[in-house]
Each structure stands twice: as structure tokens, then as C-alpha cells.
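As C-alpha cells, the structure follows; a few thoughts come after it.
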Amino acid sequence: MITDEVSIYNLALNAVGTRSTVALPTEKSREAEVCRLWFGPVRDRVLRAAPWASTRAWARLPLLKQRDDQATWVATDPEPGYQYAYGVPSDMLAPRYLAGYQRFSMSSYPGNKLAIMTNVTDALLTYTKRQEVIGLWDVGLQMAIVYGLAAHITMPLTGKPARAKNAMEQANNFILSAREEDANVDMSVVDSTPSWITARGFTGVIESTRFYHPLGALFTAGEIGV
């Protein structure tokens, strides 16, 4: 079972095809240096990309401001169209959905804060947290991060684009499998307007009855330099 950062590094190095291993994340080797550089960004990217069970958390959001409909809008008000501005959890990487699946948006807020704008009172948010306890990650999450890290370190260490691309595809496959598994858990029917209809300017009244914040993107060839 993978329980530490060194194990992630060494599995990624093995996927890259190097014969080297690292003993400590802080050691002064080229392999450790490159793994250390990319580990955090890759981890957070993968955590955002799918609704992994070990990263799911809930929080009652602190109210920052309620809009006064009788007053002129000011900069500290929620963005136009929303009644409430809420603060976000300190360990949040990405929001997922409110308890009642109502619509919301993420915005900046005065004071260098991120805020959730919504019309929901006493909002309860399900979100993706920055889960740094590697031993809590399920196998799919561990392997997505291993291959995501491998994809980013292949070119600096070996200069082999085909191997980097293969690692990227493996990482994306684990992410897509996690998305599919989560989607199959909830069999509720959700009425929504297909994107191919909205792209043609359809203006009917069919709306999604449940709002989910979009998941993070998959890895791309451009970002790994191939």
C-alpha cells in the first residue's frame, strides 16, 4: 500500500523508465528535484479532476454579505443576480455542489478572498479538499497521481515524448474511470438541455434541476511538452 510521497516518486520514476530511485523527498538528486517540483501541482490537478471519495468534504459556509435589494449595489455585495456571498473552506480545492443542488458561482471578493455566490440561505457545501494524507487515497487516485507525475517528469529526465504521452494517457484513464464510477452511484434522472441544442440558440424553458460545479480538466500533451 502506498502511504508516503517517496513511494509516489519511485513509482513515477519506474513508469518513466529510469533506473534511479529516491530515498527522501528532500534529497539533492536530479530525480528528487524534478519530482518535488511537480508533485504538488500534479496532486492538486488530479484531486480537482474527479470526485474522489477520499477528498470529499462538507462545510457550513460563513456568510460574508447579504444583498440589500433596496440599496444601490456596492463592491462588497454579492455579484449581481445573487443574494448571498459566502466564504469558502480553507482546505478547499474546488466546490462541488450545495446541499440542495442549487446554482452558485465562484468569484473574487474584496480582501483577496474567494467567495461562493448563491441565493441559498445557510448554505452547506460539498467540496473537494486538499487531501494530503496519501494513505487515505484509493488506488485509482494514487495511480492517477503516479502517472500524472510521470508524464511531467519524463521530458526533463529522459526527453522521450512517447513515454510522456503514454503516462499522460494512463493518468487520464484513471481520472475518467473515477468520474464514471461516481456518475453511476447516483441513478437520479436530471432534466437538462443538451449542449448541442443550446449551441444552436435554443431558448426553451428546460433547465437542469441539479447544479454541479464543473470538474477540473484532464492532462494535455501541451502542458507536458510533447
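Derivation of every value follows stated rules applied to the coordinates shown; laboratory data play no part. Predicted model only: the values in this text are computed from it and were never measured. All Cβ positions, glycine included, derive from the backbone under ideal geometry; neighbour counts span all protein chains shown.
Taking the Cα centre as origin and putting +1 on Lys and Arg beta-carbons and -1 on Asp and Glu beta-carbons, what dipole magnitude results for the chain, to the nearest 20 debye?
In total the dipole reaches around 480 debye.
Which one, Leu114, Ser90, Pro25, is farthest towards the positive end of the dipole of the chain when Lys and Arg carry +1 and Asp and Glu -1 on their Cβ?
Selected residue: Pro25.
When the convex hull of the Cα atoms of the stretch 4-51 is projected onto a plane and the area is averaged over all directions, what value comes out in nm²?
Here the figure is 3.5 nm², rounded to one decimal.
For the chain, list the DSSP H helices whose alpha carbon atoms reach 18 Å or more along the long axis and whose average Kyte-Doolittle value is -1.0 or above?
Result, helices passing both filters: 30-49, 139-157, 161-185.
Residue by residue through the stretch 73-88, what is 3J(HN,Hα) from phi via Karplus (6.51 cos²θ - 1.76 cosθ + 1.60, θ = phi - 60°)? Round to whole Hz and write x for glycine and proline.
4, 10, 4, 8, 6, x, 4, x, x, 10, 8, 10, 10, 10, x, 10
List the trypsin sites (Lys or Arg not before Pro) in the stretch 1-70 that DSSP assigns to loop (not H, G, I, E or B) and whose Cβ has at most 16 other Cβ atoms within 10 Å. Which are they?
Arg19, Lys28
Suppose a student asked you for the relative contact order of the chain, using Cα pairs under 8 Å spaced at least 6 residues apart; what percent would you report?
Relative contact order, the chain: 25 percent.
How much length would be gained if the chain were fully extended between Leu24 and Arg36, taking 0.36 nm per residue of separation minus their Cα-Cα distance, in nm to one decimal?
The Leu24-Arg36 span can extend by a further 3.3 nm.
Over the stretch 73-187, what is the relative contact order in percent, taking alpha-carbon pairs closer than 8 angstrom and at least six residues apart?
In percent, rounded to a whole number, it is 21.
Only four residue types carry charge here, +1 at the Cβ of Lys and Arg and -1 at the Cβ of Asp and Glu. Report the dipole size of the stretch 1-50 about the Cα centre in Debye, rounded to the nearest 20.
160
Need the list of lysines near Lys129 for cross-linking: C-alpha distance under 22 angstrom, and skip anything on the same chain fewer than eight residues off.
Partners found: Lys113.
Rounded, prolate or oblate, given the Cα gyration tensor of the stretch 96-138, with a/c below 1.5 counting as rounded?
Taking the square roots of the gyration eigenvalues as a ≥ b ≥ c, the stretch 96-138 is oblate.
How high is the relative contact order of the stretch 56-129? Use alpha-carbon pairs under 8 Å, at least six apart in sequence, and give a whole percent.
42
Grab every C-alpha pair in the stretch 32-113, bin the distances at 5 angstrom width from 0 up to the longest one, and report whole percents.
3, 11, 19, 19, 15, 12, 9, 6, 4, 1, 1, 0
Can you find, among Thr76, Ser54, Leu64, the residue sitting farthest towards the positive end of the charge dipole of the stretch 43-93, where Lys and Arg contribute +1 and Asp and Glu -1 at Cβ?
Ser54
Suppose R0 equals 30 Å. What FRET efficiency, 1/(1 + (r/R0)^6) with r the Cβ-Cβ distance, do Asn112 and Asp4 give to the nearest 0.05?
So the FRET efficiency works out to roughly 0.35.
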